[in-house]
Amino acid sequence: MSPKSKHADQPMPRKSFASEPVHLRLADLCRDSIVGGDLAGGEKFPSERELAERYEVSRATANKVISTLVAEGLLEVQKGIGTYVRKRRTLFASLSGMESFTAHALEQGLKPSTEVITFRRLSSRTAPREVREGLGLVGKPERLVFVERIRSADDVPMILERRWVRESLAGGLERTDLEDSFYRVLEEKFSLPMTGEAHTISAVLVEPEEAELFSVDLPFAALRVEGTGFVKGAEPLWYQQLLYRGDRYQLHNETRGPAESAIELRIQENAA
């Protein structure tokens, strides 16, 4: 291991796995060492043989551990050289306020990009019930614009975004408008600065077509952020379903007192 490790002589603690699901427990231990900083980005990770000897497991088990961490984006295999801890950048998106993916990526020196996959106009009658309820349109048909986008940072797909927008408030919304920050378009083109959002967060397994858009293999977990965005005080303008890829995001909460806490969605990015 590199001499720059916090614990150069033994970067990961020894532990017996005789009575536990071996490869999953060992993967957890290695993951903790990487996330906790004991193994730095760019540092060489133990080989399959070294891992097997250190923890007294089979080579097959060690191989499963490394494969798991590679699939999660924590390790990368450099052909002919070895396996290394992937360098990562961290981007913070606050859930206690309204945030722009574009703005946060730029602040961290990452290159944001957006691909509009779907753009079409439809009647609210054909929208899912949760969308109609979130927009207050149950029994009140309106024209909507449905948009599906992939948000990327340094060309890595990070968020799959589905959004239904009320055309009565944002008439003239075009596909090209959605190739940049949606929030900026609202303010600059429609003079509709956001005034609030109400959303829920849940863990889900992505569908095959979603995994293809993220360029990942199944099974693959994501965080789903779903809810309504408001303008003009409490006027609902859009309903959104956002999928944040589970290997790049963590929920983080810091409580500073009985009446104050900050919940953040921490976005862990691969370095270029």
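When each of the peptides 40-48, 133-141 is scored by how many other beta carbons lie within 10 Å of its residues on average, the order from highest to lowest is 40-48, 133-141.
Shape analysis of region 22-86 places it in the oblate category; the axes a ≥ b ≥ c from the Cα gyration tensor give an a/c of at least 1.5, with a/b not above b/c. The local environment of Arg121, defined by Cβ-Cβ distances under 12 Å, has a net charge of +1 under the rule Lys, Arg +1 and Asp, Glu -1.
Let me check I've understood the local charge: for Phe146, count other residues with C-beta under 10 angstrom from its C-beta, Lys and Arg +1, Asp and Glu -1. What total comes out? Result for the local shell: +3. Report the FRET efficiency, 1/(1 + (r/R0)^6), for Phe230 and Asp32, where r is their Cβ-Cβ distance and R0 is 35 Å, rounded to 0.05. It comes out at approximately 0.30.
Would you mind counting up the charge near Glu188? Only other residues with Cβ under 15 Å from its Cβ, with Lys and Arg at +1 and Asp and Glu at -1.
Its environment carries a net charge of -3.
Any read-out appearing in this document is the output of simple, stated calculations on the displayed coordinates, not a laboratory observation. Just so you know, these numbers come straight off a predicted model, no measurement behind them. All Cβ positions, glycine included, derive from the backbone under ideal geometry; neighbour counts span all protein chains shown.
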